[in-house]
Amino acid sequence: MKAKLRIKCKNCGNWNIVHVEKIFLNTGAFESELKIFLPAYLPLKNEKCSKCNQIIAKEKKEIGKRKTK
């Protein structure tokens with residue numbers, strides 16, 4: 001599923017729009033009956049900040065992946 005994300009630049013604080021592919025990661029154990037899917041995003045191309053030209057999203061590197069305990 002394609003989507004648009006707003007990502008804040010770490011360098012200058014400018015908000016940028018990044019085109020991404022939304023995926024769901026299965027984090028549940030194989031033996032458990034409960035399956036947990038966490039959303040993550042894959043940028044479709046390398047994106048730079050519109051203000052300072054620093055790279056804010058790299059292609060094929062997941063955004064928003066959360067660690068589970």
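A short reminder: the numbers here are calculations on the coordinates, not readings from a lab. Keep in mind it's a predicted model, so treat the numbers as computed, not measured. Note that we place each Cβ from the backbone using ideal geometry, even for glycine, and neighbour counts take in every protein chain shown.
Residues considered: LYS51, LYS22, LYS35. Largest GNM mean-square fluctuation over the chain, using C-alpha springs under 10 Å, is found at LYS35. Computed from the alpha carbon positions, the gyration tensor of the chain leads to an equivalent ellipsoid with semi-axes of 29, 12, 9 Å, biggest first.
Select from ILE36, ILE23, ILE56 the residue whose mean-square fluctuation is largest in a Gaussian network model of the chain (Cα-Cα springs shorter than 10 Å). Of ILE36, ILE23, ILE56, the most mobile in the Gaussian network model is ILE36.
Normalising the average separation of contacting C-alpha pairs (under 8 angstrom, six or more residues apart) by the number of residues puts the relative contact order of the chain at 26 percent. Here the label points at ALA3 and LEU44, each 7 Å from Cα along the C-beta direction, are separated by 1.5 nm in the simple model.
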